[in-house]
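Q: Below are the structure tokens for one structure; questions will follow.
What follows draws every value from the coordinates through simple rules; no lab data is involved. This one's a predicted model, so the numbers in the text were calculated from it and none came from an experiment. Here the Cβ is made from the backbone with ideal geometry for all residues, glycine too, and neighbour counts use every protein chain on show.
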Amino acid sequence: MSGHSLYLFDDARARDWAPLSLTRPVGEILLGCLTLRARAERVFSTPCQGHLVEGHVRHYREHDAPPGMGADEVGSQGLRIVLSSRAVLAFQDLPRQWEDGPVRLTIDGETVGWRLPPGTPTPSRDHLSEPGGSVTGAAIALRGSVLGDPWDLIAENAHRIETDAEHLRPGVDAHPAGVVRLGSHPLVLGDGATVEPGVVVDSRTGPVVLDDDVVVQGPARLVGPLFVGRGTTILGGSVERSSIGPVCKIRGEVSESVILGYSNKAHDGFLGHALVGRWVNLGAMTTNSDLKNNYGTVRVWTPAGPRDTGLMKVGCFLGDHVRTGIGTLLNTGTVVGAGSNVFGSGSVPSMVAPFSWVSRDDTVPYRIEKFLEVAERAMARRDVDLTDELRLLYEGAWAATAEWR
């Protein structure tokens, strides 16, 4: 395909993906070796022009991502692909010949977007909110899957790393000096990636993919399927079957988790079956539970009410800019909203409202001006600016969740 523009949209279900959807489009969540947006860009061979979102998330601006915007800003000019952010596309060849008019895009019969020729209006807010309501017209079936809930990211992540590694760098297998290799799946090193002698790379169950400028300090054990993003440093410990985004610092035990990027877990402690946003800082010995004592399925708070995940292993869900103090304990299925500070050793509530200040004895609202001050300072440490647009995003998120605090 050529000469077309790509947009991702968050439908009503995606907008309820707490805690991450409060402060970012779902398309900017990591799955496997790619964000959902980057995966769509590869399949359609074009950069995404923007995320079609609602409310304060329209102010979303990050230095490494397309902006948030309203559907009314797209217009009807040019050839457009409008795709659900919950669609996980398989790498595939697209049809060479398309219908002349608008075409629905489907996965297993479910509408996940549209191909819109010039002059065709962008779908209305109602259609973007509930795309399944559009059942007429020609349809093209795409290969892939549709994510239902945030915990699906954790359940599907290891498999996605395997398929991504095969597509992104097939046939590459590195053997750094002094590194102990176990298994036959590849170790893939990006430009400038270094693995110190004494590190164990266990690829018996899947590939280990280290992006550009990743540093792995010994002693450490890396277990595939594993993806570590650009500029991240592994400071030691055991990291297995996880996806870790760019510019993180990771130490201790991390298992079957997804960390979006620019986050620190620089001390010992266990993180398992967890979904962690950007700009998160976990204090020393912060540990989460990912298995109930009765081995039952885990219930998780959502904006629509508690939900049974149907999964036996579910850890914690931490929004953007969450910080925990030394010795923080997070119970199975805990949800901590964006911008919250949790400190004082011991367990925290199973749901922490966004922008809360939680101690052992009390929970109080986090004043937005103080939050912005700390966020600006934290981001500057990674040479990233807290822009005026991001300030508006966070102020809008703070206002939208006032009733939860």
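Q: What per residue convex hull volume, in Å³, do the alpha-carbon atoms of segment 261-317 yield?
A: On the way: hull volume 5.1 nm³, N = 57.
Convex hull volume per residue, Cα atoms: 89 Å³.
Q: So what's the net charge close to Val201: Lys and Arg +1, Asp and Glu -1, counting the other residues with Cβ under 14 Å from its Cβ?
A: Details: positive: Arg181, Arg204, Arg221, Arg241; negative: Asp173, Glu196, Asp202, Glu240.
It works out to a net charge of 0.
Q: Also, quick follow-up: Could you tell me which chymotrypsin sites (Phe, Trp or Tyr not before Pro) in segment 280-383 are loop residues by DSSP with no more than 12 other beta carbons within 10 angstrom of their beta carbon? The partial results should precede the final answer.
A: Numbers: sites: Tyr295, Trp301, Phe317, Phe343, Phe355, Trp357, Tyr366, Phe371; in loops: Tyr295, Trp301, Phe343, Phe355, Tyr366.
The qualifying sites are Tyr295.
Q: Looking at segment 177-404, I'd like the Rg to Rh ratio, where Rg is from alpha-carbon atoms and Rh is Kirkwood's inverse mean 1/r.
A: Details: Rg = 18.0 Å, Rh = 18.2 Å.
Result for segment 177-404 is an Rg/Rh of 0.99.
Q: Run lengths n ≥ 4 of DSSP H only: what is the helix-derived mean residue ellipticity at 222 nm for the chain, with -39500 (n - 2.57) per run over all residues, to the nearest 500?
A: Numbers: 5 runs with 59 residues, N = 405.
Taking each H run of at least 4 residues, the total per residue is -4500 deg cm²/dmol.
Q: Relative to the Cα centre, what is the charge dipole magnitude of the chain, using +1 at the beta carbon of each Lys and Arg, -1 at the beta carbon of each Asp and Glu, and rounding to the nearest 20 debye?
A: Details: 39 positive and 48 negative charges, 107 e Å.
Taking the Cα centre of the chain as origin, the dipole is about 520 debye.
Q: Nothing charged except the Cβ atoms of Lys and Arg (+1) and of Asp and Glu (-1): what's the magnitude of the dipole of segment 47-104 about its Cα centre? Round to the nearest 20 debye. Don't jump to the answer; show the numbers that get you there.
A: Working: 6 positive and 8 negative charges, 17 e Å.
Dipole magnitude for segment 47-104 comes out near 80 debye.
Q: Charges at C-beta only: +1 for Lys and Arg, -1 for Asp and Glu. How large is the resulting dipole of segment 177-404 about its Cα centre, in Debye rounded to 20? Kindly include the intermediate steps, with their values, before the conclusion.
A: Values: 21 positive and 24 negative charges, 123 e Å.
Value, rounded to 20: 580 debye.
Q: Could I ask something else about it? Lysines near Lys313 by alpha-carbon distance under 19 Å, same-chain residues fewer than 8 away left out - which ones?
A: Lys292
Q: Be a star and scan segment 64-102 for residues whose amide nitrogen sits under 20 Å from the point 7 Å along the Cα-to-Cβ vector of His167.
A: From segment 64-102, the list is 65-66, 81-97.
Q: Now for a separate question. Would you please name the chymotrypsin sites (Phe, Trp or Tyr not before Pro) within segment 88-185 that are DSSP coil residues with at most 16 other C-beta atoms within 10 Å of their C-beta? Present the calculation step by step, with values, prior to reporting the outcome.
A: Working: sites: Phe91, Trp98, Trp114, Trp151; in loops: Phe91, Trp98.
Those satisfying the criteria are Phe91, Trp98.
Q: If you stretched the chain out fully between His159 and Leu94, how much longer would it get, using 0.36 nm times the residue separation minus the C-alpha to C-alpha distance?
A: On the way: separation 65, 0.36 × 65 = 23.40 nm, distance 2.26 nm.
Answer, rounded to one decimal: 21.1 nm.
Q: Rounded to the nearest Å, what's the spacing between the alpha carbon centres of segment 141-172 and segment 1-70? Just the number, please.
A: 17 Å
Q: If one computes the Cα centroid of segment 342-405 and of segment 206-254, what distance in Å separates the two points?
A: 27 Å
Q: Further question on the same structure: Can you tell me the FRET efficiency between Asp108 and Glu130 if r is taken as the Cβ-Cβ distance and R0 is 25 Å, rounded to the nearest 0.05? Spell out each step's value before the answer.
A: Working: r = 18 Å, r/R0 = 0.70.
Rounded to the nearest 0.05, the efficiency is 0.90.
Q: For the residue pair Asp388 and Arg204, what label-to-label distance in nm results when each label sits 7 Å from Cα along the Cα-to-beta-carbon direction?
A: The answer from the label model is 5.8 nm.
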